[in-house]
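The values are calculated or read from the model by the stated rules, or taken from the named source; none is laboratory data. These numbers were taken from a predicted model, which means no experiment stands behind them. Using ideal geometry, Cβ is built from the backbone for each residue, glycine included, and neighbour counts are taken over all protein chains shown.
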Amino acid sequence: MNVEQLKMDLIEYAKSIGVDKIGFTTASPFQEMKNRLKRQQELNYQSGFEEEDIDKRTEPKKLLPEGESIIAIALAYPSKMKNPPTGKKGERRGIFARASWGLDYHVAVKQRLELMEQWLRERVPNVSVKSMVDTGELVDRAVAERAGIGWSGKNCSIITPEFGSYVYLGEMITNIPFPPDSPIENECGDCRLCLDVCPTGALVEPGQLNAKRCIAFITQTKDVVPDEFRTKIGNRVYGCDTCQTVCPKNKGKTNWIHDEFLPDPELAKPLLVPLLKLSNKEFKNKFGTIAGSWRGKKPIQRNAILALAHFKEQSAVPELIELLKKDERPVIRGTSAWALGKIGGKKAKDALLEAYHQEKDEEVLREIKKGLELVERD
């Protein structure tokens, strides 16, 4: 088997199925990443969404014992929306992060990897492969960096010369000993814009993220948002792009390449009040094909309530009162109470006072008290 030729042919095939970048590296351990993950664990910076076993995250042969190399791929996604709708008083809108625009990237990247697996099986008898996207064990960023897809930026994103950091990553471990590519030079230099503008200080140092403070993580949790982050979320209903939008390497990278990733503006920047009323079925029918739907409707609705508080949207007060009185979920009732206090006004105050005498849940009562304190300050 001519592995060099196979590599060149696979690169051509990958491009033909919509892979924007492909790189190759060995299946040897990612020692530097292992040290970094251990440090992250010691500092309690992990989000809890990750694979807990650090060895599995950094030793490819634990996942495919016969693995010899790893194929890394990247698909570019848009940084700008065509004809974005504008929110206004009475019609406020939220925003999903760019990584949740268009078709769920887990589906799109996995489709490409499966086609590549099939291509290899047709050409190489006894080929072994194990592919993964985002939710797999390996750290996508470490693989992509060593395979020469891009360099690891201070904002913890892989930055490519061609598409900036707006790329989805995936990888495939295989027993084929493909010749490895070389990593590319880090071009961040002295720039530290991403660290300086992070709304919550989640980027504690270059390449080190405290995931528990990251808005992208906070918007995906299901509990009451800690007080210190509520006013930082703004109108984000899922994810955060700040450390990408300020990056000079992303300037001019629109990446309108794949139709499947072009956003439906009404999904990417949805009206906030209608979000509050969606049933599970309606939420799934409307948002089920995008990455931001994976945690279900509750986090999105909670974030929409915080966004309405951010705008101090008086027209939403009746809906928030309805949620405070009747919603079965304490997180939604409590967040609504706080939002009513933030928006203020007589109707909000009266509703909070009434709820205070009727509410039984201790956590919700705490939020009602906070709401009443905010109303008094108003």
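Set side by side, the residues 257, 218, 184 differ, and just one is crowded, with 18+ Cβ neighbours inside 10 Å and of a type in the set (Val, Ile, Thr), which is 218. Counted as qualifying within region 16-135 are the strands (runs of 3 or more DSSP E) with 1 or more residues that are within 22 Å of the chain's Cα centre (by Cα), aliphatic (A, V, I, L, M) and closer than 24 Å to residue 288 by Cβ, namely 69-76, 129-132. Scanning region 266-319 for residues that are surrounded by 23 or more Cβ atoms within 10 Å (Cβ to Cβ) and among the β-branched types (Val, Ile, Thr) yields 300, 305. Kindly indicate whether any position in region 80-87 is crowded, with 18+ Cβ neighbours inside 10 Å, at pLDDT 95 or above and basic (Lys, Arg). Within region 80-87 (the criterion being crowded, with 18+ Cβ neighbours inside 10 Å, at pLDDT 95 or above and basic (Lys, Arg)), the answer is no, since none of the residues qualifies. Scanning region 262-283 for residues that are within 20 Å of the chain's Cα centre (by Cα), in a helix (DSSP H, G or I) and touching a residue at least 40 places away in the same chain (Cβ under 8 Å) gives 265, 266, 267, 268, 272, 275. Checking residue 299 against (1) within 17 Å of the chain's Cα centre (by Cα); (2) modelled with pLDDT under 95; (3) under 17 Å from residue 333 (Cβ atoms), which single condition isn't satisfied? Answer for residue 299: the failing condition is (2).
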